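This report refers to the structure that appears directly beneath it.
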Amino acid sequence: MNRPLLFTPWQLPSATLANRIMVSPMCMYSATDGLAGSFHRLHLGTLSQSGAGLLVVESTAVSPGGRISPNCLGLWNDAQETALARVIGDLRAHSPIRFGIQLSHSGRKGSRLVTMPSGSRALTEAEGAWQGVGPSAIAYSRRYPVPQELDLAGMRAIRGAFAAAARRAARAGFGAVELHGGHGYLLHAFRAPNSNRRTDGYGGDCANRNRFPREVAEAVRDALPPGCILGYRLNGEDWHPEGVTLEESIALAGDLRRVGVDYVTTSGGAGSPGISPPPVTPGYMAHFAAAVRNQTGIDSVAVGMILSGRQAEELLQDGCADAVAIGRGMLDDPRWAHHAAAQMGCELAALPQYAKSSSSNWPGYRIVHGTGA
Ligand SMILES: Cc1cc2nc3c(=O)[nH]c(=O)nc-3n(C[C@H](O)[C@H](O)[C@H](O)COP(=O)(O)O)c2cc1C
C-alpha cells in the first residue's frame, strides 16, 4: 500500500518537514510577564509527541502593547527569549518535531482580561489597561476601546518589533516563525475596509491595505536565518460586506510568496462583530486553501474542523492544500498524528519509551478502526 500523502515529507522553499500535519497555534493565556513556564513545558511537551511535522506555539506578542491579555506569551525581552529557549531546548532532546512560533500584535483587540475556557472583558486602569492601536481610530465593537490611529513612525516601530522578535525566536531554537495576520488582530485590521479608513498609501484599494502586512513579512524574512520557515496566517474572507474578500487574500498570498513566505494558512472569522459565517462543518474553510494554492502556487495549509487523517488525506489528494493544521483535535488527542497513521495502516516513529504502544506492537487502533489486527 502506498504511504498516504499526509505522511510524506513536506518540501517548503526554506526546509523540508517530516510530514504534512501541523499543530495549529493556540493561545493558552497562561504566562506571567510573557514568560514561558511550567504550564508551557507540560503543554508543549505533550504536543511535541503528537507525531506532527511542525508544532506552532501560540500567538506570542512582539511588544507589550501587542498582547491580547496580560497572560499572553511575549518575545520582546531577553528573559522571555531565555525562558522559551529552555523549554524548547529540553523538548528538542526528546522529539524530532520542528518547533515554530506564531508572532502577533493584537492591534485594537488587546488589553483584555481573558478567562479560560472562554470569556473576556476590557482591562480596567487599575488592572493595567493599555492603549490599543489600529490603522484607524475605529473600535472593534462597543465593548472595546477606540484604538489610536498609527502614524508612520508607529508602524515602523511595530515592523521593527516583529523583526526583533523573529531574531529572538531563531536564537531560541525555533525553526519556523508564523505571522498572525488573521482574526482581527493588527495585520488583519490593516487589510479590512471596516477597520482601515486611511487616506495615505496604507489605505484605500486592496494593494494599499495589503501593504503593511507585506512589509512586516518582508522585514521578518530579512531578520530570519536561511533555512528558517516563514508562514503567514490570514483570513480567507471575513464573511462581512465591509471585510476582506477571498480575491484580496489571494492577492496578499501572491505578494507574500514573492517576499519569501513559505506557506499560508487560511483561516476565517473574528475580524469584526456582525459577521455571517457559514455553518462550522468538517473542512468548512478548505476552499480558501484551495483557491490560494491554485491561484498563487504558494504552499497552502487548510485549517478548521479537520477531524481525521482520512479527511486530511482527501483534502491533500484533491489538491485543496499541501498540509493541514489541527487545533482542538490535538488538545483532545495529543498523539493525533500517530493515531491517524494507525487508522490509515501506517506507523510513525515514536519515543523508544513508547514503542510498546506503537501500532505494530499494540493492535488497539487497528482493531477499533478496522485496518487489520
Ligand atoms: C484554545 C484555542 C486557542 C487558539 N489560539 C489561536 C492562536 O493563538 N492563533 C491562531 O492563529 N489561532 C488560534 N486558534 C485557532 C486555531 O489555531 C484553529 O485555527 C481553530 O481552532 C480551528 O481549527 P480546529 O477545528 O482544528 O480546532 C485557537 C483556537 C483554540 C481552540
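The values are calculated or read from the model by the stated rules, or taken from the named source; none is laboratory data. Since the model is a prediction, treat every value here as computed from it, not as a measurement. So basically every Cβ, Gly included, is an ideal-geometry build from the backbone, and we count neighbours across all protein chains shown.
Can you tell me which residue is surrounded by the fewest Cβ atoms within 10 Å (Cβ to Cβ) among those in the stretch 329-338 that are part of a helix (DSSP H, G or I) and touching a residue at least 40 places away in the same chain (Cβ under 8 Å)?
L331
Which residue is nearest to the ligand (Cβ to nearest atom), if the candidates are limited to the stretch 168-192 and must be touching a Cys at 6+ places or on another chain (Cβ under 9 Å) and assigned to a loop (DSSP other than H, G, I, E, B)? Step through it out loud before you land on a result.
Taking the stretch 168-192 first, the residues touching a Cys at 6+ places or on another chain (Cβ under 9 Å) are 169-170, 174-177, 191.
Narrowing the set further to residues that are assigned to a loop (DSSP other than H, G, I, E, B) leaves 174-175.
On the way: F174: 15, G175: 18 Å.
Looking at residues that are touching a Cys at 6+ places or on another chain (Cβ under 9 Å) and assigned to a loop (DSSP other than H, G, I, E, B), I get F174.
Filter the stretch 66-89 for residues that are over 27 Å from S118 (Cα atoms) and touching a helix residue (DSSP H, G or I) at 6+ places or on another chain (Cβ under 7 Å) and give the result.
Residues satisfying the conditions are E81, A85, I88.
Could you grab me the full set of residues in the stretch 72-91 that are assigned to a helix (DSSP H, G or I) and touching a strand residue (DSSP E or B) at 6+ places or on another chain (Cβ under 7 Å)? Give the derivation first.
Initial filter on the stretch 72-91 (assigned to a helix (DSSP H, G or I)): 78-91.
The answer is A79, Q80, A83, I88.
What is the residue count in the stretch 348-370 for residues that are in a loop (DSSP other than H, G, I, E, B), surrounded by fewer than 16 Cβ atoms within 10 Å (Cβ to Cβ) and under 33 Å from the mean Cα position of the chain (by Cα)? Before the answer, list the steps.
So in the stretch 348-370, the residues in a loop (DSSP other than H, G, I, E, B) come out as 348-351, 358-363, 369-370.
This time we only want the ones that are surrounded by fewer than 16 Cβ atoms within 10 Å (Cβ to Cβ), so: 349, 351, 360-363, 370.
Pick out the ones that are also under 33 Å from the mean Cα position of the chain (by Cα) and you get 349, 351.
The total comes to 2.
Specify which of the listed residues (G134, G204, G119, G128) is touching a Phe, Trp or Tyr at 6+ places or on another chain (Cβ under 9 Å) and either at positive phi or crowded, with 16+ Cβ neighbours inside 10 Å (or both).
That would be G134, the only listed residue that is touching a Phe, Trp or Tyr at 6+ places or on another chain (Cβ under 9 Å) and either at positive phi or crowded, with 16+ Cβ neighbours inside 10 Å (or both).
Here is a list: G231, G227. Which entry is part of a loop (DSSP other than H, G, I, E, B) and under 27 Å from S300 (Cα atoms)?
None of the other options fit; the residue is G227.
In the stretch 322-332, what count of residues is obtained for those that are under 14 Å from L54 (Cβ atoms) and within 14 Å of the ligand (Cβ to nearest atom)?
Of the residues in the stretch 322-332, 6 are under 14 Å from L54 (Cβ atoms) and within 14 Å of the ligand (Cβ to nearest atom).
Would you be able to tell me the number of residues in the stretch 186-229 that are touching a Ser or Thr at 6+ places or on another chain (Cβ under 7 Å) and farther than 16 Å from E242 by Cα?
4
Name the residues in the stretch 278-314 that are surrounded by fewer than 20 Cβ atoms within 10 Å (Cβ to Cβ) and either closer than 18 Å to V56 by Cβ or within 12 Å of the ligand (Cβ to nearest atom) (or both), would you?
Residues satisfying the conditions are V280, T281, P282, Y284, M305, L307, S308, Q311.
Say whether the condition of being closer than 20 Å to H339 by Cβ, away from the ligand (no atom under 12 Å from the Cβ) and either free of Cβ contacts under 8 Å to residues at least 40 places away in the same chain or touching a Gly at 6+ places or on another chain (Cβ under 7 Å) (or both) is met by at least one residue in the stretch 19-37.
So far as the stretch 19-37 goes, yes, one or more of its residues are closer than 20 Å to H339 by Cβ, away from the ligand (no atom under 12 Å from the Cβ) and either free of Cβ contacts under 8 Å to residues at least 40 places away in the same chain or touching a Gly at 6+ places or on another chain (Cβ under 7 Å) (or both).
Which residue pairs have Cβ atoms under 6 Å apart, sit 6 or more places apart or on different chains, and have a first residue in the stretch 223-240 that is on the phi > 0 side of the Ramachandran plot and a second that is assigned to a loop (DSSP other than H, G, I, E, B)?
G227/S14; G227/A15; W239/I275; W239/S276; W239/P277
Can you work out which of the residues in the stretch 47-71 that are part of a strand (DSSP E or B) and hydroxyl-bearing (S, T, Y) is surrounded by the most Cβ atoms within 10 Å (Cβ to Cβ)? Steps first, answer last, please.
First pass over the stretch 47-71, keeping only residues part of a strand (DSSP E or B): 54-61.
With hydroxyl-bearing (S, T, Y) added as a condition, the list becomes 59-60.
On the way: S59: 26, T60: 29.
Selected residue: T60.
Within the stretch 54-112, take every residue that is away from the ligand (no atom under 16 Å from the Cβ) and of a type in the set (D, E, K, R) and give me the one that is farthest from L42 (Cα to Cα).
Per the criteria, the residue is R108.
Among the residues that make up the stretch 78-100, is at least one of them aromatic (F, W, Y), modelled with pLDDT of 95 or more and buried (at least 19 other Cβ atoms within 10 Å of the Cβ)?
yes
Counting only residues that are in a loop (DSSP other than H, G, I, E, B) and either in contact with a Leu (Cβ under 8 Å, 6 or more places away or on another chain) or among the aliphatic types (A, V, I, L, M) (or both), how many does the stretch 238-288 have?
So the count comes out to 11.
Could you list all residues from the stretch 57-94 that are under 18 Å from the mean Cα position of the chain (by Cα) and over 29 Å from L150 (Cα atoms)?
L84, I88
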